[in-house]
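Asks: Dropping the structure in here first, questions after.
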Amino acid sequence: MDLMNTAMDFLVARFGPMGPFYAIGALGLLLVGGTIPFLLQKMTAPVDRLKAQSGPHPKAPEEKEQPKLRFQDRGPNLDKFAAFLEPQDQETYSATRLKLIQAGYRSQHAVRTMHFAQFALAIGFLIVGVLVALIRMDSMNLQSTLMTILVPGAVGYYLPIYWVERRRQTRQQNLTEGFPDALDLMLVCIEAGQSLDQSIQRVATEIRPGYPDLSEEFEIVASEMKAGKDRVNVLRDMAERAGSQDISAFVTVLIQSANFGTSISEALRVYAAEMRDKRVMRAEEKANKLPTKLTLGTMMFTLPPLLIILIGPSIYNIYLTLTAGK
């Protein structure tokens, strides 16, 4: 603390009252200037280096350009900052990517966009903190000035992380709440004679108004099955994307039913009954927690007025008796 006060006095004596802000601005410019080379540096893929060394291949006159089967991402403005905005560790990148998928952000550049939002919000909130510190410069010391500048920057940096985590928890709760109804509908479809793929497609269509997140997951499963992907891998991917214990258990039931050759309808009937019982138990659990949560409010808003009504007159009479005795 003494060192900070000494530095503060030196800056004020050398550059005037604005000396500390000049130092903070110079430090910010130095940090930004140091990161610019890393932002502009873009790693070249080995295939691109081989193409550059071998030179361009001229097209034959009769060769025509083949139509593209997929729409390319137009305007990838953050591609040149990929080395800075994306984690270089594959494990960290995969964990962040999984959290974003579980929150409903399936874009190819979701990780890059999230880190860019963290960087942009941190810089923006930091600038706001500097402006507030400049306005209140006369009534603030060095410690409060640094807190005013750095705390908004930290809030801006962690705000996207908090937003993604809240979206992830909300989406998992929506999937858990809608899964028993979807399971009952799937059981009806299978008992009516439809296959598992057809029942999943029908469930995805029917539950869309009530549970859009769960409908989207079932649509992805149906599309991947139509594309020829292995059913076991498709179901496991669904459990990983959802992040719900109920859906993971459902996937395990289907995989075991396929491996042991048992009837899918019987397995679904038993599991659907368990899901209904589990939903009732969750509702009873919330109902049992309610009196405990209301206890604090009852004590805060009911007990003090009651004590004032009961004890207040007695305290007032004691006060009057003591005053009269004096």
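Nothing in this text is a laboratory measurement; each read-out follows from the coordinates by a stated rule. As the structure is a computational prediction, the values presented were derived from the model and not from experiment. We place every Cβ from the backbone using ideal geometry, glycine too, and count neighbours over all the protein chains shown.
A quick yes/no check of all residues on (1) surrounded by fewer than 17 Cβ atoms within 10 Å (Cβ to Cβ); (2) out of contact with any helix residue (DSSP H, G or I) (no Cβ under 8 Å at 6 or more places or on another chain); (3) polar (S, T, N, Q):
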{"site": "E165", "(1), (2), (3)": "yes, no, no"}
{"site": "L196", "(1), (2), (3)": "no, no, no"}
{"site": "F218", "(1), (2), (3)": "no, no, no"}
{"site": "S257", "(1), (2), (3)": "no, no, yes"}
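Asks: Sort out which residues of segment 105-129 are in contact (Cβ under 8 Å) with a residue 40 or more places away in the chain and surrounded by fewer than 18 Cβ atoms within 10 Å (Cβ to Cβ), and write them in order of number.
Replies: Y105, Q118
Asks: A follow-up question, please. Can you tell which of A133, A103, A120, A154 is in contact with a Ser or Thr (Cβ under 6 Å, 6 or more places away or on another chain) and of a type in the set (G, A, S)? Let's see the steps before the verdict.
Replies: Working: A103 fails: in contact with a Ser or Thr (Cβ under 6 Å, 6 or more places away or on another chain); A120 fails: in contact with a Ser or Thr (Cβ under 6 Å, 6 or more places away or on another chain); A154 fails: in contact with a Ser or Thr (Cβ under 6 Å, 6 or more places away or on another chain).
One residue alone meets the criteria, A133.
Asks: Hey, another quick one. (1) under 26 Å from K99 (Cβ atoms); (2) out of contact with any Asp or Glu (no Cβ under 8 Å at 6 or more places or on another chain): which one isn't true of T176, the others all being true?
Replies: (2)
Asks: Select from segment 220-245 the residues that are over 17 Å from M186 (Cβ atoms), crowded, with 18+ Cβ neighbours inside 10 Å and among the aliphatic types (A, V, I, L, M) and list them in ascending order.
Replies: none
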